[in-house]
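Chemist: Sending over a structure as structure tokens; questions will come in a sec.
The values are calculated or read from the model by the stated rules, or taken from the named source; none is laboratory data. Model, not experiment: these values are computed from the prediction. Positions of Cβ are backbone-derived with ideal geometry, glycine not excepted, and every protein chain shown enters the neighbour counts.
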Amino acid sequence: MKCLELFAGIGGFSAAFRNQTNVTAVDINEQAARVYRCNFSHPYLIAEISALPEEWFHKQSADLWWISPPCTPFTRRGKSAGLEDPRSVALKHLIEIVPKVLPSLICIENVVGFERSDAFFRICREWGKGGYHVDWTITCPTQLGWPNFRPRFYAIASLERKRRLSRTYENVAPVRLSDFLDASNDEIESLRLANRMANQYEKAIDRVHPKNVDSIAACFTAAYGKSVIRSGSYLVTETGYRRFSPREVCRLLGFSDDFVFPDELSQRQLWHLLGNSLSIPVIRAVFGGVLG
Ligand SMILES: C[S@@+](CC[C@H](N)C(=O)[O-])C[C@H]1O[C@@H](n2cnc3c(N)ncnc32)[C@H](O)[C@@H]1O
């Protein structure tokens, strides 16, 4: 199957479906492209998606479009401006282009709330007129027994016959938070949360105990490492709190340890890119029936 990985970032889609080898990725972020190119040999076009003309999409003749557009326009923090938000310009373009190019399958990933947005309303209306059937669901890695809270909206639009997303999940493995951690990271100074910050945000910090078998890490966002609260969890260590390392966040998203980070990217840049990515076990579970 020929796939277009739009808003490709570091390649969560390609990491989940490694059997899909005929992939072209597009994203505007050069750092994301650097990570992607270390891990996949697919062509990666650094481009503004809204500037790609209809003919470009025709030329790709892709059967499947993977679309994970910026989430902020669909969050309360981002003022829920939806399609009115300038960050939605590329999504708006794709909503118009799809009924002209007619790919067989389109998969969408976004934050919870997208299902109530003007964007999803327009997708259902405009793509519906073009002959698409749409199915959607909300799934969190915790539903698979995975110790990370990251509920997300997933949808599939299909031409001809209606394709259904999977809603029955098997526990992927008896995974515990401690399975994702490197105890030696407790000694790394750059991961420690300064006592001053810990005291200032004591009540708001999401903290998890690594040895507790029921510990679940909060959703890691692109702001992890920049904003102390509402961006992810901290681990309780013998000497205070520490952040999860980028590698630990990467494992919690379901990437394997052979996923390479380029040396030149800083810890903060990696947290940013990983926070934008997706939960691999969840997209395998939700889309696996269609993508195998
Ligand atoms: C939610 S992230 C998707 C990340 C991706 N699924 C992954 O696994 O890393 C959104 C991505 O869209 C990219 N992006 C935002 N606006 C764009 C635009 N107008 N054109 C191309 N890429 C854009 C960002 O650089 C970011 O990587």
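Chemist: Within region 270-287, is even one residue more than 14 Å from the ligand (Cβ to nearest atom), assigned to a loop (DSSP other than H, G, I, E, B) and closer than 27 Å to THR75 by Cβ?
Modeler: no
Chemist: Also: Please determine whether any residue of region 269-279 is surrounded by fewer than 19 Cβ atoms within 10 Å (Cβ to Cβ) and modelled with pLDDT of 95 or more.
Modeler: Yes: region 269-279 contains one or more residues that are surrounded by fewer than 19 Cβ atoms within 10 Å (Cβ to Cβ) and modelled with pLDDT of 95 or more.
Chemist: Oh, and also: Any idea how many residues of region 244-269 are closer than 27 Å to ARG284 by Cβ and either among the polar types (S, T, N, Q) or in a strand (DSSP E or B) (or both)?
Modeler: Count: 3.
Chemist: Out of curiosity, is ASN110 touching a Phe, Trp or Tyr at 6+ places or on another chain (Cβ under 6 Å), under 26 Å from VAL172 (Cα atoms) and surrounded by 17 or more Cβ atoms within 10 Å (Cβ to Cβ)?
Modeler: For ASN110, the condition - touching a Phe, Trp or Tyr at 6+ places or on another chain (Cβ under 6 Å), under 26 Å from VAL172 (Cα atoms) and surrounded by 17 or more Cβ atoms within 10 Å (Cβ to Cβ) - is met.
Chemist: Quick check: anything in region 62-80 under 22 Å from VAL290 (Cα atoms), of a type in the set (Gly, Ala, Ser) and either part of a loop (DSSP other than H, G, I, E, B) or at pLDDT 95 or above (or both)?
Modeler: Yes.
Chemist: What residue, among those in region 1-16 that are more than 8 Å from the ligand (Cβ to nearest atom), under 24 Å from ARG87 (Cα atoms) and hydrophobic (A, V, I, L, M, F, W, C), is surrounded by the most Cβ atoms within 10 Å (Cβ to Cβ)?
Modeler: Once the filter is applied, the top-ranked residue is CYS3.
Residues are listed down the side, and each one gets a yes or a no for (1) of a type in the set (Phe, Trp, Tyr); (2) in contact with a helix residue (DSSP H, G or I) (Cβ under 8 Å, 6 or more places away or on another chain); (3) buried (at least 21 other Cβ atoms within 10 Å of the Cβ):
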| residue | (1), (2), (3) |
| --- | --- |
| ALA81 | no, yes, no |
| PHE121 | yes, no, no |
| GLU126 | no, yes, no |
| ASP135 | no, no, no |
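Chemist: Restricting the first residue to region 101-123 and requiring it to be in contact (Cβ under 8 Å) with a residue 24 or more places away in the chain, which pairs with a second residue that is of a type in the set (Ser, Thr, Tyr) meet a Cβ separation below 6 Å and a spacing of at least six or different chains?
Modeler: LEU105/SER158; GLU109/SER68; GLU109/TYR154; VAL111/THR75
Chemist: Of the conditions (1) surrounded by 21 or more Cβ atoms within 10 Å (Cβ to Cβ); (2) touching a helix residue (DSSP H, G or I) at 6+ places or on another chain (Cβ under 7 Å), PHE149 fails just one. Which one is it?
Modeler: (1)
Chemist: Look at region 17-49 and say how many of its residues are loosely packed, with under 15 Cβ neighbours inside 10 Å and within 8 Å of the ligand (Cβ to nearest atom).
Modeler: 2
Chemist: Sticking with this one: Which condition breaks for VAL236 when tested against (1) assigned by TED's automatic domain parsing to the domain that holds LYS203; (2) of a type in the set (Val, Ile, Thr); (3) within 16 Å of the ligand (Cβ to nearest atom)?
Modeler: Of the numbered conditions (1) assigned by TED's automatic domain parsing to the domain that holds LYS203; (2) of a type in the set (Val, Ile, Thr); (3) within 16 Å of the ligand (Cβ to nearest atom), the odd one out for VAL236 is (3).
Chemist: For region 87-128, name all the residues that are in a helix (DSSP H, G or I) and among the acidic types (Asp, Glu).
Modeler: At the first step, the residues of region 87-128 found to be in a helix (DSSP H, G or I) are 87-101, 114-116, 118-128.
Across region 87-128, the qualifying residues are GLU96, GLU115, ASP118, GLU126.
Chemist: Give region 50-71 a look and list any residue that's among the polar types (S, T, N, Q) and within 9 Å of the ligand (Cβ to nearest atom), or say none. Steps first, please.
Modeler: Step one: list which residues in region 50-71 are among the polar types (S, T, N, Q), which gives 50, 60-61, 68.
Of everything in region 50-71, those that are among the polar types (S, T, N, Q) and within 9 Å of the ligand (Cβ to nearest atom) turn out to be SER50, SER68.
Chemist: Among the residues of region 112-119, are any within 24 Å of PRO151 (Cβ to Cβ), in contact with a Gly (Cβ under 6 Å, 6 or more places away or on another chain) and within 16 Å of the ligand (Cβ to nearest atom)?
Modeler: yes
Chemist: Moving to a separate point now. Within region 187-224, count every residue that is surrounded by fewer than 17 Cβ atoms within 10 Å (Cβ to Cβ), out of contact with any Phe, Trp or Tyr (no Cβ under 6 Å at 6 or more places or on another chain) and assigned to a helix (DSSP H, G or I).
Modeler: Total meeting the criteria: 8.
Chemist: Here are the criteria: (1) in contact (Cβ under 8 Å) with a residue 12 or more places away in the chain; (2) under 19 Å from VAL249 (Cβ atoms). Tell me which single one GLU189 does not satisfy.
Modeler: Condition not satisfied by GLU189: (1).
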